[in-house]
Structures are given as C-alpha cells and as structure tokens.
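To keep things clear, I will list the structure first and then write my remarks on it.
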Amino acid sequence: MSSHYDVLGVSRDATGEEIKKAYRKLARTLHPDVNPGEDASDRFKAVTHAYEVLSDPQKRRVYDTTGNENGTDNGFGGGSYSGQGFAFQDIFDTFFGGGGQGGPTSRIRRGQDALISVRIDLRDAVFGVNKKLEVDTAVICPTCEGSCCREGSHPVRCDICGGSGQVQRAVRSILGQVMTSAPCGSCEGFGTVIKDPCNECSGQGRIRSRRSLTVKVPAGVATGTRIQLSGQGEAGPAGGPAGDLYVEIRVNNDPTFVRDGDDLHASLNIPMTSAALGAELTLDTFDGQQEIDVRPGTQPGEIITLRGLGVTHLRGNGRGDLKVHLQVETPAKLDAHQEDLLRQLAKARGEQNHPGKLAASHGLFAKLRERLGSM
Ligand code: ZN
C-alpha cells in the first residue's frame with residue numbers, strides 16, 4: 001500500500017500549505033460529482049483519507065513515526081460523516097464555493113468597465129486636445145443614493161434563510177448524507193429583502209444616464225490608443241463603486257498629411273522650372289507657415305525634412321519630423337512661345353535626340369528597388 005504522501009503526490013517534508021494544495025487539486029478531479037467512475041471514487045476516498053491524516057499535525061507526527069495512524073483514526077468508511085474537523089469543511093470549500101462559511105453576499109458590487117471610442121483629427125493627435133464626450137453608463141440612483149429602498153424604508157431580514165443568505169440541503173454522496181448550502185432563492189443570497197424598493201431604480205440602486213465629460217487626450221496618441229478614466233465606468237449595483245471608462249482613440253485621415261510613426265509625410269508639387277532653378281516656398285503646416293528652400297537642380301522624389309514638426313512623442317519629449325516629398329510637374333500645355341523657348345533650351349543642352357538608354361535609377365525607383373530587391 002502506498003504512503004499517504006504518495007497518494008497526494010507530495011514529498012515527506014511538504015508543508016501544510018503544499019499538502020492542502022495537492023489535496024484540493026486532486027479532489028477537484030476525483031470528486032464523485034465530477035468523476036463518477038468506480039476507480040475515481042476509490043481514489044477520492046484514499047486521497048481524502050491521506051489528507052485527513054497529513055493535514056493534522058498530531059496525526060501526521062504519529063503517522064511519520066509509526067507508519068500508521070492507529071488509535072487516532074476513527075475509520076473513514078462510516079455511513080455518516082457529520083462534519084468533525086477539517087475534511088468536511090474543506091470539501092465544502094472545494095466543491096461548494098466556500099458555502100460552508102455561509103453568510104449572505106453583499107448587494108454592493110463594483111461596476112463594470114466601459115469602453116467608448118472617440119474620433120479626433122490628426123492635428124489633435126499631434127498636439128493633444130481636450131475632447132468633450134457623451135457617455136451613457138449606469139450611475140448611482142439620485143433618488144435613493146444607492147440604498148435601493150424607498151425613502152424611510154430599509155432592507156429587512158429574509159424570513160426564508162433567516163438572514164444567512166444560504167439554505168441547507170441534504171445530499172446523498174459517497175460520504176453518506178452531507179448537508180450542502182445554496183444561495184437562498186427568496187433573497188438571492190443577500191440575506192435581506194427589499195420590501196419597498198425605490199421607484200426610480202426599481203431597487204437596483206443605479207440607473208442609466210447620459211452625461212458629458214471632457215477627456216484630456218494627450219499629444220501623440222494614435223488609432224487604438226486607450227485612455228483610462230478610473231471610476232468613470234458603470235456604477236455598481238446598490239451603490240457599488242464604478243468601474244473604469246476606457247476611451248479608445250480613432251484618428252481621422254488627414255487630406256494633406258500621412259502619419260508614419262511620429263513622422264508626417266506630405267507631397268509638394270513644384271514646377272519643372274523651380275526644380276531646375278531653385279525656389280523659396282511657403283508651406284502651411286500644423287505649426288503655421290514654414291519657409292522652405294528648394295535648391296536648384298532638385299530631382300523628382302527628393303525629400304525636404306522639417307525637423308521637429310511631426311507628431312509629439314506620446315512617451316518622452318520631442319516630436320517626429322515633417323517630410324515633404326517633392327514632385328516635379330512637367331508642363332502639359334505649352335503655347336507657341338513657350339515651346340520655342342524649351343526647344344532652344346533643349347538645343348543648348350544638346351538634348352534634341354535623347355539616346356533612350358536605360359540605367360540604374362535613383363529617387364523613388366531606387367527606393368522601390370531597395371525594398372523589392374531583397375524579396
Ligand atoms: Zn433608487
């Protein structure tokens with residue numbers, strides 16, 4: 001016959017806590033209600049017996065020194081196991097959710113968290129914004145202030161369970177007849193009954209309400225960022241504390257700027273002549289008008305970087321950059337005079353007969369090649 005330690009799968013020097021843990025784990029899988037097999041029921045008995053011995057310091061000492069528990073064990077197989085000591089209580093705890101301790105449950109509970117989403121413009125993600133929101137959550141009933149009762153009345157003790165919130169029931173089991181407890185159906189386990197409920201909340205202590213609040217959206221948020229407002233979620237039943245409110249950010253697409261991380265990108269069309277001759281231009285950015293210098297000989301796809309004019313970093317200081325992608329516009333329509341000027345230019349540059357020679361590229365194609373070449 002294997003030792004009690006083997007039965008529980010613990011070492012000889014296991015602590016009381018380890019023994020208890022091992023027993024609970026085994027009992028959960030072997031209990032006849034869960035596992036109706038013959039084998040399981042025999043093991044359940046053995047496991048429970050082993051636990052009974054090892055969880056009692058005195059019995060354990062006797063068992064450790066003599067190898068048996070003679071004289072201290074009243075035998076386990078008896079028909080009625082009427083709740084002496086630990087095992088009965090522990091089985092209660094394990095299988096009936098602590099029902100053995102009894103006691104009514106509180107009406108008051110914490111409310112649920114709530115989630116709403118809010119749309120902001122890219123500019124607001126760059127700098128942050130105070131956003132006004134309409135939220136629809138449970139709030140504490142203003143009439144009864146969470147007491148659930150009509151003014152002047154109070155919850156009264158439940159007649160059915162006598163205020164314990166639990167009713168006892170005899171159940172036949174492998175241990176013989178055991179008493180189990182279940183929440184009282186009359187008071188739903190609260191131990192008290194509200195005879196005269198508040199009109200406004202029907203005795204719930206909370207009502208649904210729409211309210212507006214202002215949320216401070218920090219600079220740097222992106223689509224999917226959640227802002228937690230503690231205690232602004234659903235109020236709990238019977239005046240219980242509210243859960244949290246999560247505000248999920250959605251950033252609208254901007255007609256001009258595209259965001260990549262904390263950098264902003266925009267495209268700027270410049271005439272062919274400006275690209276060739278250079279130009280000074282003024283751009284409208286989120287930070288107002290900015291002067292840029294297009295250098296003479298600018299190629300299509302070149303990027304001018306405006307440092308620190310991107311999105312504010314959500315964590316830490318500083319901002320990303322604004323990158324302006326230059327697109328060179330070729331004139332699509334020329335009048336006779338303009339055409340003549342361009343032909344003169346072409347002649348002066350010896351470009352009348354272009355050789356049409358393919359070559360390794362630069363700019364946009366170089367980037368594409370870089371990206372695709374590695375695939
Ligand atoms: Zn009320």
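Tabulated values for the structure
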{"quantity": "Qualifying residue in segment 198-208 (condition: within 14 Å of the ligand (Cβ to nearest atom), among the small types (Gly, Ala, Ser) and touching a Pro at 6+ places or on another chain (Cβ under 8 Å))", "calculated": "yes"}
{"quantity": "Condition broken by ARG315, with the remaining ones in (1) more than 40 Å from the chain's Cα centre (by Cα); (2) of a type outside the set (Val, Ile, Thr); (3) modelled with pLDDT under 90; (4) closer than 30 Å to LYS216 by Cα satisfied", "calculated": "(1)"}
{"quantity": "Any hit, segment 232-241, residues being part of a strand (DSSP E or B) and either surrounded by 13 or more Cβ atoms within 10 Å (Cβ to Cβ) or away from the ligand (no atom under 14 Å from the Cβ) (or both)", "calculated": "no"}
{"quantity": "Conditions (1) open to solvent by less than 40 Å² (accessible area, probe 1.4 Å); (2) part of a loop (DSSP other than H, G, I, E, B); (3) out of contact with any strand residue (DSSP E or B) (no Cβ under 6 Å at 6 or more places or on another chain): number failed by VAL221", "calculated": "(3)"}
{"quantity": "Criterion (out of contact with any His (no Cβ under 7 Å at 6 or more places or on another chain) and under 16 Å from ASP113 (Cα atoms)) met by exactly one of PRO255, PRO218, PRO237", "calculated": "PRO237"}
{"quantity": "First in segment 195-215 and among the acidic types (Asp, Glu), second anywhere and within 16 Å of the ligand (Cβ to nearest atom) and not in a strand (DSSP E or B), Cβ under 8 Å, 6 or more apart", "calculated": "ASP196/ARG150; ASP196/SER153; GLU200/CYS141; GLU200/PRO142; GLU200/THR143; GLU200/CYS144"}
{"quantity": "Residue count for segment 123-150, restricted to those that are more than 14 Å from the ligand (Cβ to nearest atom), open to solvent by 10 Å² or more (accessible area, probe 1.4 Å) and not in a strand (DSSP E or B)", "calculated": "4"}
{"quantity": "Residue within segment 171-184 that is within 16 Å of the ligand (Cβ to nearest atom), under 39 Å from the mean Cα position of the chain (by Cα), farther than 30 Å from ASN130 by Cα and open to solvent by 50 Å² or more (accessible area, probe 1.4 Å) present", "calculated": "no"}
{"quantity": "Segment 285-298, subset open to solvent by 80 Å² or more (accessible area, probe 1.4 Å) and not in a loop (DSSP other than H, G, I, E, B), residue farthest from PHE127 (Cα to Cα)", "calculated": "ASP293"}
{"quantity": "Test: residue in segment 189-206 that is within 24 Å of ALA125 (Cβ to Cβ) and open to solvent by 40 Å² or more (accessible area, probe 1.4 Å)", "calculated": "no"}
{"quantity": "Unique match (being at pLDDT 95 or above, more than 30 Å from GLU302 (Cα to Cα) and either β-branched (Val, Ile, Thr) or assigned by TED's automatic domain parsing to the domain that holds GLN168 (or both)) among VAL193, VAL247, VAL251, VAL221", "calculated": "VAL247"}
{"quantity": "Test: GLY301 is over 26 Å from ARG123 (Cβ atoms) and surrounded by 11 or more Cβ atoms within 10 Å (Cβ to Cβ)", "calculated": "yes"}
{"quantity": "Residue that is nearest to the ligand (Cβ to nearest atom) [pool: residues in segment 209-218 that are hydroxyl-bearing (Ser, Thr, Tyr) and surrounded by fewer than 11 Cβ atoms within 10 Å (Cβ to Cβ)]", "calculated": "SER212"}
{"quantity": "Residue match in segment 83-95 (condition: charged (D, E, K, R) and modelled with pLDDT of 80 or more)", "calculated": "no"}
{"quantity": "Single unsatisfied condition, SER153 versus (1) modelled with pLDDT under 90; (2) within 16 Å of the ligand (Cβ to nearest atom)", "calculated": "(1)"}
{"quantity": "Filter result (on the phi < 0 side of the Ramachandran plot and either outside any strand (DSSP E or B) or among the β-branched types (Val, Ile, Thr) (or both)) within segment 256-283", "calculated": "THR256, PHE257, VAL258, ASP262, ILE270, MET272, THR273, SER274, ALA275, ALA276, LEU277, THR282"}
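The rows are residues; the columns are (1) out of contact with any helix residue (DSSP H, G or I) (no Cβ under 8 Å at 6 or more places or on another chain); (2) surrounded by 11 or more Cβ atoms within 10 Å (Cβ to Cβ); (3) part of a strand (DSSP E or B).
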{"position": "THR305", "(1), (2), (3)": "yes, yes, yes"}
{"position": "ASN317", "(1), (2), (3)": "yes, no, no"}
{"position": "LYS333", "(1), (2), (3)": "yes, no, no"}
{"position": "GLN338", "(1), (2), (3)": "yes, yes, no"}
{"position": "LEU342", "(1), (2), (3)": "yes, yes, no"}
{"position": "LEU345", "(1), (2), (3)": "yes, yes, no"}
{"position": "HIS354", "(1), (2), (3)": "yes, no, no"}
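Yes/no matrix, rows are residues, columns are (1) under 18 Å from VAL118 (Cβ atoms); (2) open to solvent by less than 60 Å² (accessible area, probe 1.4 Å); (3) touching a residue at least 60 places away in the same chain (Cβ under 8 Å):
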position: ILE227; (1), (2), (3): yes, yes, no
position: ILE270; (1), (2), (3): no, yes, no
position: THR273; (1), (2), (3): no, no, no
position: GLU280; (1), (2), (3): no, no, no
position: LEU283; (1), (2), (3): no, yes, no
position: HIS325; (1), (2), (3): no, yes, yes
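The values are calculated or read from the model by the stated rules, or taken from the named source; none is laboratory data. Here the structure is a predicted model, which is why all the values come from computation and not from measurement. Methodologically, a virtual Cβ is constructed for each residue, glycine included, from the backbone with ideal geometry; neighbour enumeration extends over all protein chains shown. Side chains included, ligands, DNA and RNA excluded: accessible areas come from the protein's heavy atoms. Shrake-Rupley method; radii C 1.70, N 1.55, O 1.52, S 1.80 Å.
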